[in-house]
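Colleague: What follows is a single structure, and I will ask about it in a moment.
The values are calculated or read from the model by the stated rules, or taken from the named source; none is laboratory data. Predicted model only: the values in this text are computed from it and were never measured. As a convention, Cβ positions derive from the backbone with ideal geometry for all residues, glycine included, and neighbour counts pool all protein chains shown. These area figures cover heavy atoms from the full protein model, side chains too; ligands, DNA and RNA do not enter into them. Shrake-Rupley method; radii C 1.70, N 1.55, O 1.52, S 1.80 Å.
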Amino acid sequence: NTTRHGVRESLLAAPASGDGSRWDDGNGRFAPRMQSPNNGGPRQRWFDDDQSDPTYENTTQYQRQYYTLKRIEGVAQGWPLSRLLSNLPRLPPPDEVTLFHARAHLKLYDTLVEVGRLHNALEVARGLKVAGLIHTGGIVSHKMFLRECSRRGAVAVAFEFVAFIGVADVRLCNMLLSVCAAAKDSRSGFAVLVLMYDAGVAPDCHTYTTLIYACSKSGELDKAFETFRRMELDGVKATVVTYGALMDALSRRVLELTASPAAGAGPRAVRLGRPVAETAEEVRRLLTRCFDLRAEMDHLRIAPDATLLNALVCACGRAASVAPL
C-alpha cells in the first residue's frame, strides 16, 4: 500500500499549469519530470555508472520519492531479493557504515515484513550485520516481525529471527511463544521454555500462560495442567488469564468429545467407536474439573472475567448433548 508512504499521490499528481516537464513533489514545490518504467519510456537509472555511488545526500526529494515507489512496487510484484538489493545505494566500507547509510535497506526490510516475505527480510537484516552494522538486531522491530510470523504460522523463521537477534530476554521469548501458540505448536512452545532455562531467563506469568494456551489449542489437556503445576513450583503467581487458559483447555476437550459435523450425526467420540456411557462419564469428569477450577479461583479471591465464564458456559452447553446436567 504505497499511499500510506505518501508517495503515490505525489507521483500521480497532475502537472502544474499544464507544464508536463514539471511534477508536483507533494509539498507545493515542483521537480523535473523524470522518465519512469510506468510511462512508456525506457528504463533509466538516476545515476550514471561512472558517477559516485548513489546516496541520499546527492538525490533530490523527488528522486527519493520515486525510488521509494519503485522499491515498494518491486516488492509487491514479487521481484527476487537480488533484484531489490541491486536497486539500493551501495553501502560504504564496514568501518564507515552508519545507520544513515542503511536507511534504504531498513525501509526495504520493513516493506518485506509487511508483505510477509519474512525470509527475505531476515536476509536483508543479516546482510546489514555483515556489512558492518553490528547492532542490526537491536534496530529492527522485533514485535512487527514476530507479529507477522504469528499471522502466518511461521514458527521456523521466528526461531531463526530470535537466534539472529542474539539477546534473550523474557519479552522476546514471550513473543516467540505467542507465535507457537498461534500455530497450535506446543512442542515448539516447550522448546522455547528450554531455551529460556538455558539462557538463564526466568519465565514469568505471561510465559506460562501463553504456553498453556499453546497446549490448549493443540488439544493437549494433560500438558496444559502439567505446565500449570510447574508454574506453581516455580513460585509464579497465576492470574485470571492463566485460569482462563486452563478453562479453555477443558472446554476444547469437551467440544472434541461432543462435536458433530452435521445435525443428527451423533457425538464425535461415539462415531469413533466409543460407547455413549464412556463418553458421558468422561464429560462429567471434565465438568467436575471445570467447577473445581472455578472454586479454586474463589478460594484465591480471583474474580473470573468474561473469557473464562464463556469457556465454562460453552463446556456446559456441549456436555448437555451427551450427559444430563
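Colleague: Yes or no: residue 161 crowded, with 20+ Cβ neighbours inside 10 Å and either aromatic (Phe, Trp, Tyr) or on the phi > 0 side of the Ramachandran plot (or both)? Please lay out each step first, then the result.
Modeller: Numbers: crowded, with 20+ Cβ neighbours inside 10 Å: yes; either aromatic (Phe, Trp, Tyr) or on the phi > 0 side of the Ramachandran plot (or both): yes.
Yes; evaluated as a whole, the condition is true for this residue.
Colleague: Sticking with this one: Do we find that residue 216 is among the small types (Gly, Ala, Ser) and either touching a strand residue (DSSP E or B) at 6+ places or on another chain (Cβ under 7 Å) or closer than 27 Å to residue 291 by Cβ (or both) in this structure? Spell out the reasoning first.
Modeller: Details: among the small types (Gly, Ala, Ser): yes; either touching a strand residue (DSSP E or B) at 6+ places or on another chain (Cβ under 7 Å) or closer than 27 Å to residue 291 by Cβ (or both): yes.
The answer is yes for residue 216.
Colleague: Tell me which residues, restricted to the range 130-143, are open to solvent by 20 Å² or more (accessible area, probe 1.4 Å), within 25 Å of residue 177 (Cβ to Cβ) and not in a loop (DSSP other than H, G, I, E, B).
Modeller: Passing the criteria: 138, 139, 142, 143.
Colleague: Please find, among 104, 76, the residue that is more than 16 Å from residue 164 (Cα to Cα), surrounded by 15 or more Cβ atoms within 10 Å (Cβ to Cβ) and of a type in the set (Gly, Ala, Ser). Give the derivation first.
Modeller: Numbers: 76 fails: surrounded by 15 or more Cβ atoms within 10 Å (Cβ to Cβ).
Result: 104 is the single residue among 104, 76 that is more than 16 Å from residue 164 (Cα to Cα), surrounded by 15 or more Cβ atoms within 10 Å (Cβ to Cβ) and of a type in the set (Gly, Ala, Ser).
Colleague: Mind telling me which of the residues 112, 146, 193, 122 ends up being open to solvent by less than 10 Å² (accessible area, probe 1.4 Å), farther than 27 Å from residue 80 by Cβ and not in a loop (DSSP other than H, G, I, E, B)?
Modeller: Answer to the selection: 193.
Colleague: Here is a follow-up. Looking at the structure I just gave you, is residue 264 out of contact with any helix residue (DSSP H, G or I) (no Cβ under 9 Å at 6 or more places or on another chain), open to solvent by 70 Å² or more (accessible area, probe 1.4 Å) and modelled with pLDDT under 90?
Modeller: On the way: out of contact with any helix residue (DSSP H, G or I) (no Cβ under 9 Å at 6 or more places or on another chain): yes; open to solvent by 70 Å² or more (accessible area, probe 1.4 Å): yes; modelled with pLDDT under 90: yes.
Spelling it out, residue 264 is indeed out of contact with any helix residue (DSSP H, G or I) (no Cβ under 9 Å at 6 or more places or on another chain), open to solvent by 70 Å² or more (accessible area, probe 1.4 Å) and modelled with pLDDT under 90.
Colleague: Is it the case that residue 289 is part of a helix (DSSP H, G or I) and open to solvent by 60 Å² or more (accessible area, probe 1.4 Å)?
Modeller: Working: part of a helix (DSSP H, G or I): yes; open to solvent by 60 Å² or more (accessible area, probe 1.4 Å): yes.
Yes; evaluated as a whole, the condition is true for this residue.
Colleague: Let me ask something additional. If you check residue 161 against the conditions, is it outside any helix (DSSP H, G or I) and either in contact with a Lys or Arg (Cβ under 8 Å, 6 or more places away or on another chain) or under 26 Å from residue 75 (Cα atoms) (or both)?
Modeller: Working: outside any helix (DSSP H, G or I): no; either in contact with a Lys or Arg (Cβ under 8 Å, 6 or more places away or on another chain) or under 26 Å from residue 75 (Cα atoms) (or both): yes.
No; evaluated as a whole, the condition is false for this residue.
Colleague: Hey, another quick one. If you go through the range 281-288 one residue at a time, do you hit one that is closer than 16 Å to residue 314 by Cβ and modelled with pLDDT of 95 or more?
Modeller: No, the range 281-288 contains no residue that is closer than 16 Å to residue 314 by Cβ and modelled with pLDDT of 95 or more.
Colleague: Examine the range 224-236 for a residue that is modelled with pLDDT of 95 or more, aliphatic (A, V, I, L, M) and surrounded by 23 or more Cβ atoms within 10 Å (Cβ to Cβ), and state whether such a residue exists.
Modeller: Scanning the range 224-236 turns up at least one residue that is modelled with pLDDT of 95 or more, aliphatic (A, V, I, L, M) and surrounded by 23 or more Cβ atoms within 10 Å (Cβ to Cβ).
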